[in-house]
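Laboratory data are not the source of any read-out in this text; all were calculated from the coordinates shown. Since the structure is predicted, the reported quantities are computational estimates derived from the model, not experimental observations. Note that each Cβ is placed from the backbone with ideal geometry, even for glycine, and that neighbours are counted across all protein chains shown.
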Amino acid sequence: MYYKYLNDEHGRSKNGNLKYLDELKRIARQYRNNPTKAEQIFWNEVLQYDKIKYRFLRQKPINRYILDFYCSKLLLAIEVDGDSHKNKKYLDTQRDLFLEKYNIKTVRYTNSQVLNELNKIQNDLNEIIKEREKLVFDSP
């Protein structure tokens, strides 16, 4: 059972999509046009086109946040965190807890992991996708 729409109406548009702040649209577009090196590699080598069987969006606004990569079918957000996130653990935790309210799981990788351990990340992500498939598609 695909439980994407089982949450309450709060935070969703009439057609069931998660709402976001309008001003984030422009910022997200800027981020898509100027990705970090790690984000670009992750997109090109892991998520783009036929490399994975699910469609991910880059820099997807949800509520007041912009997710680096998001798959609505799996309710899965992937964040590629740079050094600046070392000082933002509390904010990242608050964001992850907010997303959990909508059954969105957040997976975090560091820039260093993407640049130096891409095969390991691909294997890890494949396992996470299998788990999400069971949870999202097989739940009552």
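Relative to its residue count, region 23-138 spans a Cα convex hull of 103 Å³ per residue.
The simple spin-label model puts a point 7 Å past each Cα toward its Cβ; for R26 and D124 those points are separated by 3.6 nm. Stretching the chain fully between K89 and K73 yields a gain of 3.1 nm (0.36 nm per residue, less the alpha carbon separation). Restricting attention to region 23-138, lysine pairs at least eight places apart or on different chains and with alpha-carbon atoms under 19 angstrom apart total 27.
Taking 0.36 nm per residue of sequence separation and removing the Cα-Cα distance, the I41/D138 pair yields an extension gain of 31.7 nm. Stretching the chain fully between R108 and D50 yields a gain of 18.7 nm (0.36 nm per residue, less the alpha carbon separation). Note on region 23-138: antiparallel DSSP beta bridges, both residues inside, total approximately 55 percent of the bridges counted.
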